[in-house]
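FYI, it's all coordinate maths here, none of it is from the lab. None of the values given here were measured: they were computed from a predicted structure. Here the Cβ is made from the backbone with ideal geometry for all residues, glycine too, and neighbour counts use every protein chain on show.
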Amino acid sequence: MVAAWKRIAVLVMALALGLAAAAPVFAKEDVIRIGAAVSLTGTYAREGQLTRDGYLFWVEKVNAAGGIRVGDKRYKVELIVYDDRSDPQTSVRLTTRLITEDNVNFIFGPYSSGITNATSAIGERYRVITIATTANAPELYERGYRYLFGTLPLATTYLYPVLEMAANLPNPPKKVAIITPDNLFAIAAAEGARQYAEQLGFEVVYFARYPADTTDVSSLLAAIRDAGAEVLLCTGFLQDGMLVVRQAKELRYNPAIMGFTVAASIPDFRINLGKDAEGIMGGEWWTPQMGWFDDFFGTASQYAAEFEARFGYTPTYHAASSSIGGYLLQLAIERAGTLDTEAVRQQLLKLDEVTMFGPVSFNEKGVNVASSAAGFQIQNGEIVVLWPPRISQGSMIYPKPAW
């Protein structure tokens, strides 16, 4: 029993979340053990829960189908989840425990690039494959690691759709401001947005970092307002996004476009902000409307419906990416016909798949180079996909409604 951390072993669909480890119902040799240290409390609790639920959904589905075929046998999947409390060092300790004490075969990554940056070094040291489903800062994949694979495109491209939508307006805005928490992922997304904005002809009139744990960005927003920025882009996470919106309203700063990474796609953002979320935009790695399909999950919309029936909420990209990470590992294991790390790694590198999450193909660095983001706007309390045009569900509200 683990007192300080939550441990969840998933072997059958009926297992309830949050309980202590269940007794295995299959012989040890018939089980593939996968470990994950994920944020269930702390700063990234909500995002971590979305990530965990995505892992669980795949585990339950593959076990219900009889498990993973390895050669002429089928193996059930046991998922061991610990709460890393949104702390990198805790996640490192738990990842080490998963490998050295729980003897997992594979690792599912934690939430965030920052924490994954720390834990992936453990997988590399022990030559255990990490499937990182919510970590896409470029720095992670520039270290020469052999056992790290990320399902998301690089963070630098996150806000491309928002900028492309702005650039394609009949009378586009001219001045852009970008703020970012001092965080590995967020900085990468912000730098990517700055370079792309300049490439598209925008003038970036303000660019600033702020401490990741700050509770006040009003001075930054006042400076941005005074600089005449018509577009405000904020990288970061759920709490960052809600803070920026609330303080922009307090300052009566009404940019024509507000765009966010991560935050705006999470239901809690719309629920907590209510009408103040109206017209806000974001990049999104996946939505049920994208129309992708695979033979395991079906269409993206079918996946979303089944997921919502299981967990009671519509999945975000965090969950979908985590589910697809499990499916990609499943494909690699089945094609390798063994649990041998090197054989599975080679099959991951050979993947060239179209899935309900979109296209997936890993380069030698472990980056998914086949996928890209969509752009959306919150309209009447719902996410409406607007970009690229081929999957657009409506028209952009421009400028954003004033507070």
Give me the number: length gained by fully extending Gln393 to Gln302, i.e. 0.36 nm times residue separation minus the C-alpha to C-alpha distance, one decimal in nm.
31.0 nm
Can you give the extra length, in nm with one decimal, that the chain gains between Phe293 and Leu200 once fully stretched, where that is 0.36 nm per residue apart less the Cα-Cα distance?
30.2 nm
What Kirkwood hydrodynamic radius do you get for the stretch 247-298 when you take the inverse of the mean 1/r over all pairs of distinct Cα atoms, in Å?
13.2 Å
What do you get when you divide the Cα radius of gyration of the stretch 21-161 by 2.2 N^0.38 Å, with N the number of residues?
1.05
Taking Lys61 as the anchor, which lysines have their alpha carbon closer than 21 Å to its alpha carbon, excluding any fewer than eight residues away along the same chain?
Lys28, Lys73, Lys76
Net +/- balance of residues flanking Asp276 in space, Cβ distance below 13 Å, scoring K and R +1, D and E -1:
+4
Net charge near Pro181, counting Lys/Arg +1 and Asp/Glu -1 over other residues with Cβ under 10 Å of its Cβ?
-2
For the stretch 340-393, the spread of Cα positions along each principal axis, largest first, Å:
50, 20, 18
Of the residues Tyr317, Tyr327, Tyr126, which exhibits the maximal mean-square fluctuation in a Gaussian network model of the chain defined by a 10 Å Cα contact cut-off?
Tyr126
Quick one: if you stick a label point 7 Å off each Cα along the C-beta vector at Asn363 and Ser219, how many nm between them?
3.9 nm
Share antiparallel - DSSP beta bridges, the chain, percent rounded to 5
40 percent
For the stretch 82-207 the translational diffusion coefficient, Stokes-Einstein from a Kirkwood Rh over Cα pairs at 20 °C and viscosity 1.002 mPa s, in µm²/s, is roughly 134 µm²/s
Cα→Cβ-extended label distance, 7 Å offset, between Arg335 and Asp182, nm
4.3 nm
Quote the Stokes-Einstein diffusion coefficient, in whole µm² s⁻¹, for the stretch 274-349, based on the Kirkwood radius over alpha carbon pairs, a temperature of 25 °C and a viscosity of 0.890 mPa s.
170 µm²/s
Could you calculate the FRET efficiency of Asp226 with Lys73 from 1/(1 + (r/R0)^6), where r is the beta carbon distance between them and R0 is 41 Å, rounded to 0.05?
0.05
Helix-only [θ]222 nm of the chain, DSSP H runs n ≥ 4, -39500 (n - 2.57) each, per residue, nearest 500
-11000 deg cm²/dmol
Mean Kyte-Doolittle of at least -1.0 plus a Cα span of 15 Å or more along the axis: flag which DSSP H helices in the chain meet both, please.
45-64, 88-100, 113-126, 184-199, 238-250, 300-311, 317-336
List the pair-distance distribution P(r) of the stretch 320-360, using every Cα-Cα distance, as the percent of pairs falling in each 5 Å bin from 0 up to the bin containing the longest distance, rounded to whole percents.
6, 26, 33, 20, 12, 3
Mind checking which lysines have their Cα closer than 27 Å to the Cα of Lys400? Skip sequence neighbours fewer than 8 apart in that chain.
Lys174, Lys175, Lys249, Lys275
One finds, for Arg125 and Arg209 with R0 = 35 angstrom and r their Cβ-Cβ distance, a FRET efficiency to the nearest 0.05 of 0.70
Quick one: if you take sqrt(5λ) for each eigenvalue of the C-alpha gyration tensor of the chain, what semi-axes come out, biggest first, whole angstrom?
37, 21, 19
